[in-house]
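Derivation of every value follows stated rules applied to the coordinates shown; laboratory data play no part. Since the structure is predicted, the reported quantities are computational estimates derived from the model, not experimental observations. Glycine gets a Cβ as well: all are built from the backbone with ideal geometry, and neighbour counts include every protein chain shown.
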Amino acid sequence: MFNRNRLISGGSINRNKPINFKFNGQSLNGYEGDTLASALLANDIHLIGRSFKYHRPRGILTSGSEEPNALVQLGKGSKTEPNARATEIELYEGLEASSQNCWPSVKYDIGALNNLFSRILPAGFYYKTFMWPPSAWMFYEYFIRRAAGLGEAPKEKNPDRYEQKFFYCDVMVVGAGATGLAAALAAARSGANVLIVDEKPEMGGYLISSKAKINNIDAKDWIKDTLTELNSLSNVTVLNRTTATGYYDYNYITALQKVTNHIENSNSKLPRERFWRIRSKQVILAQGAFERPLVFSGNDRPGIMMASAGQVYMSQYGVLPGNSITLFTNNDHAYTVAVDAISKGAKVVVIDLRSNVSSEITKLCEKNKIETYNSHAVISTHGSQKVNSITLQELSEDKQSFVGEAITINTDLLLMSGGWNPAVQLFSQSRGKLRYDDQISSFVPDVLVDNQYVIGTNNGDFNLKQNLIDSQNAGISAAKETGNKKDIDEFISEANEPNEFTTSDVVPYVLGSKPVTHGSKHFIDFQNDVTASDIFLAQREGYISVEHTKRYTTTGMATDQGKTSNVNALAIMSHIQKKPVGEVGHTTFRPPYVPQTFGAIAGRNVDQYFDPQRLTAVHQWHKDNGAVFEDVGQWKRPYFYPKNTETMKEAVNRECLAARKSVGILDASTLGKIDIQGPDAAKFLNLIYTNAWSKLEIGSCRYGLMCNEHGMVFDDGVTTRIGENHYHMTTTTGGAARVMSWLEEFLQTEWLDMKVYCTSVTEQWTVLSICGPKSRDLLSSLTDEKIDNESLPYMKMKSIKVCGVEARVFRISFTGELSFEINVPARYGKYVWDKVIEAGKKYNITPYGTETMHVLRAEKGFIIVGQDTDGSATPSDLNMDWIVSKKKEDFLGKRSFIRSDTAREDRKHLVGLLINDKKTVLPEGSHIVEEASKKPPMKMSGHITSSYFSPTLGYPIAMAMLKNGKNRHGETVLIPLMDGKIIEATITDSVFYDKEGVRQND
Amino acid sequence: MFVIKCPYCGERDQTEFSCHGESHIARPENPNEVNDKEWGEYLFFRSNPKGMHYERWTHDHGCRQWFNVKRHTVTDKIIQTYTMGEEKPEDDNV
């Protein structure tokens, strides 16, 4: 194999293991240990993709997770991943990746025309241009979204598996560079349970590619020894490829671990990613710092890279990305990179913005024959798809103008270094406060939150030895805080590196060949294509606050959250506003620290595990008998049972008529059931329900309405007195949990002295509701007890044996028919159901579902709380004054009935509607108007809450909440439909069938 | 995400709990005797302080008990948890 830019030795890649991969269809190779970025650079491929807005050619800027440019579409089909950072993708056999946001190809991209028109596409362009007419935005948006953008989401369902793990530890260390490792080691030796995570496959941070020494051995070896010890300790968990993504209250941290992302066609049982949810007593942040780009004209061309990244590619991957290298810097650190590059055989020129450099640097340059230009700036770069030359010019003393002639020099790699920004994102998420440090021209941690440490370069400190000592002490101290006080020996004696980063000036931008305010391409935010001139524009147009500038220009709003751009944007704002950067302020960092897959957040909670399913004891029978199911809360309830080719309407009509004419059976097990016991139970029910409960006899049932303290109906149901101090309450299916909480709330917070105990028994009972004129004959055949109208009258309960099983039979009715609700212990539910069905064959027993139940109850005008009510209806609004006790001193909601708004006469009331054409079934939710016009708006006076075709009556019926409806019976209202038709309906009472209740009362 | 010390079960993750707003708002002893303003205050008005807040929580996915939490709304620090019926602690840190 052949890699044009690969050095003959060096790096931590495995040269015995070549790997084949494809980029934009081209077959290439690299080595095990390469990232996609290092392998592409080894193959001298610098052009990776096109930029978001201007479609400018872009290359690789960094070597880590802060990468804003080198985003690729990774993989194919259902597993494809958009916007994957090439700097983080580990190379594996058969990897396929392609460029994004370009057509027809990355080299010849039509969208690049945007670059030519960039003068008319400044910040805010879309807002200004596509405002009018407002209705056309959807049309514009389609094209804008197509033109501007990043990768494509997969169109198929992701077949990968994701796991979640909860984890608790004493000390969590984020970042496994030298400082993180030292802190972890100190905490671990002190006896604490330690978790250390690092986003890279190889731990050690920037020291892996440096010539630093720790305790007089190579830093690389010290890292290796430390990791060996950490891995050997049972109280330490070491996770590589794991990025802490969110830092929340009380040291709750989420972390995303790449488990098999980097393995081709992983057939193992391991998930693709694992999402860690960590609670750590102490947290030590040791995430290091990001190098800051310099802002100059054309700083985004492929072949322009951060100096630190250049060093990583040379040292860690054995790749020399260019042979004729130019370094553009404002600090000493870059000179280390220059020396390294020379030792690898490159020709190096250094351009330094500073007028004076230290004598050591001067000596270093002389010794290594490095050509230097002090007080010079790169003013433009050239090359269509990769940089091939740059122009520089000498700066005046005050750096405000140029002196001398511009010089153009050839170069194939431009490395830049503008100083370092501590990675304060997680710290900021934790609500730690930042301060601007003039020494390093960046934000550093200032006020920490509880149980937290920030160490090393993450804290803005750049002396290796001091950092290691601080880290060791932080580890010891964190362990102590968690009660691990084992005395340990200090283990850092000496540390140094060739050229430490000391200070850097902040350079808002470098003067260019044309003024920065005139559409020059001084890029700040590479991912969102924001330039220095956009920041100027925002200030000119009044978007001066940092939050406004951010949103107007979109700087820092890309998926990299401005890791490389934020400080530069603030520096320009500070320059324009003529106030210190610290006073300009900064925006808040939000999770996630790096983009995170939804799959990992969801974990296993997908498909049928997304929400628990609740099934009744009879569920299998419903399935076997062709039921179509409906979700009611978490319950699966039979909706209707179509026979052969029946439509829903046909099935429901058949079920309704069977229930009215012979016998129907409904699985009512899902109704909420609460067992209430205690000497104060009656007193309690009196306060909970609107009607009176004191005189209810044992064995009697009563319907009740519950109101909240605002006087609004929130649940209903039948409650039965089982014994002296024992009641059986039923609630709506969806409201069961809410009612249970409501009862507990008042027992625990208001009426603490009441002796009442509530137990949810919904799942303990199977409820078979049989109804229809033949239901008594059917039940008689299954029990020895007498159940005639005298023995078991309407609204009574009897404990009897049904099919040999102890049962509570309630004679209550939600359909208006003679009806029995047979409650048996759930374990006998299926048995009794089968027996009832068997015995019912004689009467052509018909199972019916929730839709038929709804039709039958609507014919009788029975409300469904939550369908006919919406939390704004009083009992009176529902024509249910009869159920509100006038005598009771108090019950929940009572006082609110006399509030002026609640007592108002013209509130919306529940009414029945008969459709004048006798055939239109109104859609539920339709609006009712008094006067119809051709198109909206029309004045609305109510809405349809329930609407069905009534098979019993042979015409459609509806229920509605209508303004002043109570007083308007007989009047006509209009219901405009979506298709433009206007339907007339007559207001009536809401009871449509058997108003006297002869059928249910027998 | 908080760690909340349930007075009955000990420290648990916030996901096990739910919050029910301000505590120590007593239901009027006899609602019939209060005027609309007083009733309205009981129903609708809450202190919403910047600083120490007393609130009701339930340990839904645990003992299902209601209890009180004293929390600082700026720092989100939970200062104290205590059972229903216990006296309201001093407002010390505001």
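Miscellaneous remarks
- Alpha-carbon centroid distance for the pair region A:354-403 / region A:622-646, whole angstrom: 77 Å
- In a fully extended conformation the segment linking A:GLU156 and A:ARG738 would gain 205.7 nm over its present Cα-Cα distance, using 0.36 nm per residue.
- For region A:14-128, the direction-averaged projected area of the alpha-carbon convex hull comes to 8.2 nm².
- Neighbouring Cβ atoms from other chains, within 10 Å of the Cβ of residues in B:53-62, number 1 on average.
- Relative intensity, log₁₀ I(q)/I(0), of region A:229-274 from a Debye sum that treats every alpha carbon as a point, q = 0.19, 0.24, 0.30, 0.33 Å⁻¹: -0.79, -0.93, -1.00, -1.06
- The distance between label points at A:LYS841 and A:ASP398 comes to 10.5 nm (points 7 Å beyond Cα on the Cα→Cβ vector).
- B:TYR42/A:ARG431 FRET efficiency (R0 30 Å; Cβ-Cβ; nearest 0.05): 0.30
- Square roots of five times the Cα gyration tensor eigenvalues for region A:385-532, Å: 42, 19, 14
- Annotation: amide H-H contacts under 5 Å for A:PHE714 (H modelled 1.01 Å from N, sequence separation of 5 or more, or interchain): A:MET706, A:CYS707, A:ASN708.
- In terms of overall dimensions, the C-alpha atoms belonging to region A:760-881 reach 46, 31, 27 Å along their principal axes, ordered largest to smallest.
- The simple spin-label model puts a point 7 Å past each Cα toward its Cβ; for A:TYR794 and A:GLU709 those points are separated by 3.8 nm.
- Globularity ratio of region A:905-996, using Cα Rg and 2.2 N^0.38 Å: 1.02
- Considering only A:SER781, A:MET795, A:LEU752, the residue lying farthest towards the positive end of the dipole of region A:750-795 is A:SER781, judged by Cα position with unit charges set on Cβ.
- Label point 7 Å beyond Cα of A:ASN215 along Cβ direction - residues of region A:274-294 with amide nitrogen under 18 Å: none
- Convex hull volume of the C-alpha atoms in the protein assembly as shown, normalised per residue: 218 Å³.
- Partner chain coverage, peptide B:71-81 - average Cβ within 10 angstrom: 1
- Modelled label reach - B:GLU86, point 7 Å along Cα→Cβ, region B:21-51 residues with backbone N closer than 19 Å: B:21-26
- For chain B, the 222 nm mean residue ellipticity estimated from helices alone, with every DSSP H stretch of n ≥ 4 adding -39500 (n - 2.57) and the total spread over all residues, rounds to -2500 deg cm²/dmol.
- Sequence ranges A:326-335, A:225-234, A:875-884, A:804-813, ranked by mean other-Cβ count within 10 angstrom, highest first: A:326-335, A:804-813, A:875-884, A:225-234
- Equivalent ellipsoid of region B:3-83: semi-axes from √(5λ) of the C-alpha gyration tensor, largest first, are 27, 16, 9 Å.
- Put simply, when A:977-985, A:534-542 are sorted by average Cβ atoms within 10 angstrom per residue, most first, you get A:534-542, A:977-985.
- On the basis of the beta-carbon distance and an R0 of 30 Å, A:VAL628 and A:ASP1002 show a calculated FRET efficiency of 0.40.
- Within a Gaussian network of chain B (alpha carbon springs, distance under 10 Å), most fluctuating of B:PHE44, B:PHE67, B:PHE17: B:PHE44
- Counting only Cβ charges, +1 for Lys and Arg and -1 for Asp and Glu, the dipole size of region A:905-996 around its Cα centre is about 260 debye.
- Each peptide among A:206-215, A:552-561 gets the average number of other Cβ atoms lying within 10 Å of its residues, and from highest to lowest they stand as A:552-561, A:206-215.
- Cysteines without a disulfide-compatible neighbour (Cβ-Cβ under 4.7 Å), the protein assembly as shown: A:CYS102, A:CYS169, A:CYS365, A:CYS656, A:CYS701, A:CYS707, A:CYS758, A:CYS771, A:CYS803, B:CYS19, B:CYS63
- Set B:LYS50/B:LYS88; A:LYS224/A:LYS369; A:LYS17/A:LYS369; A:LYS200/A:LYS344; A:LYS886/A:LYS908; A:LYS643/A:LYS841 screened for pairs whose C-alpha atoms are more than 28 Å apart: A:LYS224/A:LYS369; A:LYS17/A:LYS369
- The modelled label-to-label distance between A:ASP906 and A:SER9, using points 7 Å beyond Cα along the C-beta direction, is 9.6 nm.
- Mean per-residue shielding of peptide B:37-47 is 2, counting Cβ atoms of other chains within 10 Å of each Cβ.
- Taking every DSSP helix (H) stretch of at least 4 residues in chain A, weighting each as -39,500 (n - 2.57) and dividing the sum by the residue count yields a mean residue ellipticity at 222 nm of -6500 deg cm²/dmol.
- Alpha carbon centroid spacing (whole Å) that separates region A:38-113 from region B:27-80: 54 Å
- 18 Å reach of a label modelled at A:ASP487, 7 Å along Cα-to-Cβ, counting backbone N of region A:191-231: A:191-192
- Once you reduce region A:802-838 and region A:505-550 to the center of their Cα atoms, the two points are 76 Å from each other.
- Positive end of the dipole of region A:905-996 (Cβ unit charges, origin at the Cα centre): among A:VAL991, A:MET978, A:GLY925, the Cα lying farthest that way belongs to A:MET978.
- Chain A, dipole about Cα centre (Lys/Arg Cβ +1, Asp/Glu Cβ -1), debye to the nearest 20: 1900 debye
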